[in-house]
Amino acid sequence: MIIDIQNLKINYIQEGHGQDALILHGWGCNSQTVMPIYNLLKRHYRVTAVDLPGFGESAKPETPFDSYDYANVIKQFIDKLGLTRIVLFGHSHGGRISIILSSQYPELIDKLILIDSAGII
């Protein structure tokens with residue numbers, strides 16, 4: 001599926017029912033890399049996996065993004081999809097984005113799972 005965020009076409013997949021789970025992939029990857037986790041989670045959650053801007057089938061930003069820019073896009077993505085009480089999975093760069101999101105919007109995140117996460121200086 002495609003959604004427009006900040007004039008960027010963002011690709012994502014979503015399946016399942018129940019509490020929301022969101023998976024953010026690592027740098028140089030895309031939503032296909034997290035399919036083993038996605039396929040397990042869709043049995044118990046409404047799980048969403050997104051291609052971050054510039055990766056997979058999502059559009060590339062016109063200017064370079066920093067981690068906070070990515071977090072801002074994902075926050076708008078969460079809002080547009082109406083995700084709540086999110087179980088947030090972040091791998092590598094997706095973990096960095098997850099740390100930013102959970103610190104800035106703790107009311108959105110029920111649980112945070114970091115997988116080989118990058119950090120923040």
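Worth pointing out:
- Scope region 58-70; condition small (Gly, Ala, Ser) and either surrounded by fewer than 21 Cβ atoms within 10 Å (Cβ to Cβ) or part of a helix (DSSP H, G or I) (or both); matching residues: 59, 67
- Selection within region 41-57 - surrounded by fewer than 17 Cβ atoms within 10 Å (Cβ to Cβ) and of a type in the set (A, V, I, L, M): none
- If the condition is being open to solvent by less than 80 Å² (accessible area, probe 1.4 Å) and either modelled with pLDDT under 95 or outside any loop (DSSP other than H, G, I, E, B) (or both), then region 103-113 contributes 109, 110, 112, 113.
Conditions tested, residue by residue: (1) over 19 Å from residue 5 (Cβ atoms); (2) among the hydrophobic types (A, V, I, L, M, F, W, C).
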{"position": "61", "(1), (2)": "no, no"}
{"position": "67", "(1), (2)": "no, no"}
{"position": "71", "(1), (2)": "no, yes"}
{"position": "83", "(1), (2)": "no, yes"}
{"position": "90", "(1), (2)": "no, no"}
{"position": "99", "(1), (2)": "yes, yes"}
{"position": "107", "(1), (2)": "yes, no"}
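- Of the set (1) free of Cβ contacts under 8 Å to residues at least 24 places away in the same chain; (2) under 15 Å from residue 108 (Cβ atoms), all apply to residue 76 but (1).
- Restricting region 23-40 to residues that are out of contact with any Phe, Trp or Tyr (no Cβ under 8 Å at 6 or more places or on another chain) and assigned to a helix (DSSP H, G or I), the residue that is least open to solvent (accessible area, probe 1.4 Å): 38
- Pair list, Cβ under 8 Å, 6 or more apart: region 3-20 residue among the small types (Gly, Ala, Ser), other residue outside any strand (DSSP E or B): 16/41; 16/42; 16/43; 16/44; 16/45; 18/44; 18/45
- Residue in region 76-90 that is surrounded by the fewest Cβ atoms within 10 Å (Cβ to Cβ), counting only those that are under 17 Å from residue 11 (Cβ atoms) and of a type outside the set (A, V, I, L, M): 80
- Hey, residue 116 closer than 15 Å to residue 18 by Cα, in contact (Cβ under 8 Å) with a residue 60 or more places away in the chain, of a type outside the set (Ser, Thr, Tyr) and open to solvent by 60 Å² or more (accessible area, probe 1.4 Å) or not: no
The values are calculated or read from the model by the stated rules, or taken from the named source; none is laboratory data. Remember, predicted model here, so these are calculated numbers, not experimental data. Cβ sites come from the backbone with ideal geometry, for glycine too, and all protein chains shown count toward neighbours. What goes into the accessible areas is simple: the full protein's heavy atoms, side chains included, and nothing from ligands, DNA or RNA. Shrake-Rupley method; radii C 1.70, N 1.55, O 1.52, S 1.80 Å.
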